[in-house]
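Engineer: Have a look at this one.
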Amino acid sequence: MIAGLYRVFSNPVYIVLSVGIALVVFTFAVLLPNFPLLSQILPSQSIELSDKVSLIFSLFESIQTNFTAVSATYTILIAILFGMNVSLFTYFVYKQKAIIKGTNSVAGIGGLVSGIFGIGCAACGTFILTWVLGLIGAASIISFLPLGGEEFGILGVVLLVYAVVVTAKKISTPQVCAID
C-alpha cells in the first residue's frame, strides 16, 4: 500500500490534483451552510467586489467557530482523503489502463456521499441530511442518533480511508494473473 502511495504522490501532477480537489471539497463543505447569505450578498450591486471577496474568505474561519471539533475534523479529513482518492484513482486508470471493478469506485463514491450528508456546523447540525430528510418528513430521526448525525461524516471518513487503501494496494500489485 505504501508503495502505491509513494508511486502516485512522487509525481507533482498528482499532488497538485489531490490538493486542488481537496480545496474544492473543503470550500464546498464550508460555504454550503452559508449559501443563503452568499445568495443574497453576491448578486447585490450595492456591495463592492472587494467586500464580497473578503466575506467569502472570512467564511473559511467558520470552521473554527461554527463546526464542532468532531465535524471540523472529519470535514477536513473528507476533503484530504477525497483529493487523495481522486489522484490515486486517476493514476490507476491512466497508468494501469485496467478495467475498473466496483469495489474501488463504490467505496470512494460512498465515502463522498456519506461525507456530504455529514457536512454541518454546530448551529445547524447536519445541514444537507436535515434538508433531504426534511423533504420526506424524517428529520426527527437524526435526533435519535447518538452523535446527532455526525455519524455520517465519520462513516464518510472510514469509507474514504478504505477506498484509498484498496486503490493504493491495487496500484502496488501487478495487473497480471497469478500462475499456479
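Engineer: Could you identify the single residue in SER62, SER58, SER44 that is at pLDDT below 85 and open to solvent by less than 80 Å² (accessible area, probe 1.4 Å)? Don't jump to the end; show me each part of the working.
Structural biologist: Details: SER58 fails: at pLDDT below 85; SER44 fails: at pLDDT below 85.
The unique qualifying residue is SER62.
Engineer: Name the residues in the stretch 65-91 that are open to solvent by 10 Å² or more (accessible area, probe 1.4 Å), hydrophobic (A, V, I, L, M, F, W, C) and closer than 15 Å to TYR14 by Cα, would you?
Structural biologist: Of everything in the stretch 65-91, those that are open to solvent by 10 Å² or more (accessible area, probe 1.4 Å), hydrophobic (A, V, I, L, M, F, W, C) and closer than 15 Å to TYR14 by Cα turn out to be ILE80, LEU81, PHE82, MET84, VAL86, PHE89.
Engineer: Still on this structure: Working only within the stretch 21-49, note down all residues that are over 12 Å from ALA79 (Cβ atoms) and among the hydroxyl-bearing types (Ser, Thr, Tyr).
Structural biologist: In the first step, residues of the stretch 21-49 are kept if they are over 12 Å from ALA79 (Cβ atoms); the result is 31-49.
Scanning the stretch 21-49 gives SER39, SER44, SER46.
Engineer: Residue by residue through the stretch 8-35, note down the ones that are closer than 25 Å to THR167 by Cα, part of a helix (DSSP H, G or I) and more than 16 Å from the chain's Cα centre (by Cα).
Structural biologist: Across the stretch 8-35, the qualifying residues are VAL8, PHE9, PRO12, VAL13, TYR14, ILE15, VAL16.
Engineer: Does ILE80 satisfy the criteria of being modelled with pLDDT under 85, closer than 19 Å to PHE152 by Cα and in contact with a Ser or Thr (Cβ under 9 Å, 6 or more places away or on another chain)?
Structural biologist: Details: modelled with pLDDT under 85: no; closer than 19 Å to PHE152 by Cα: yes; in contact with a Ser or Thr (Cβ under 9 Å, 6 or more places away or on another chain): yes.
Against the criterion (modelled with pLDDT under 85, closer than 19 Å to PHE152 by Cα and in contact with a Ser or Thr (Cβ under 9 Å, 6 or more places away or on another chain)), ILE80 does not qualify.
Engineer: Can you tell me which residue among LEU5, LEU38 is over 22 Å from GLY156 (Cα atoms), open to solvent by less than 40 Å² (accessible area, probe 1.4 Å) and part of a helix (DSSP H, G or I)?
Structural biologist: Values: LEU5 fails: over 22 Å from GLY156 (Cα atoms).
Going through LEU5, LEU38 in turn, just one is over 22 Å from GLY156 (Cα atoms), open to solvent by less than 40 Å² (accessible area, probe 1.4 Å) and part of a helix (DSSP H, G or I): LEU38.
The values are calculated or read from the model by the stated rules, or taken from the named source; none is laboratory data. Computed from a predicted structure; not experimentally measured. All Cβ positions, even for glycine, are placed from backbone atoms using ideal geometry, and neighbour counts span all protein chains on display. When the accessible area is computed, the model is the full protein with side chains, heavy atoms only, and any ligands, DNA or RNA have been set aside. Shrake-Rupley method; radii C 1.70, N 1.55, O 1.52, S 1.80 Å.
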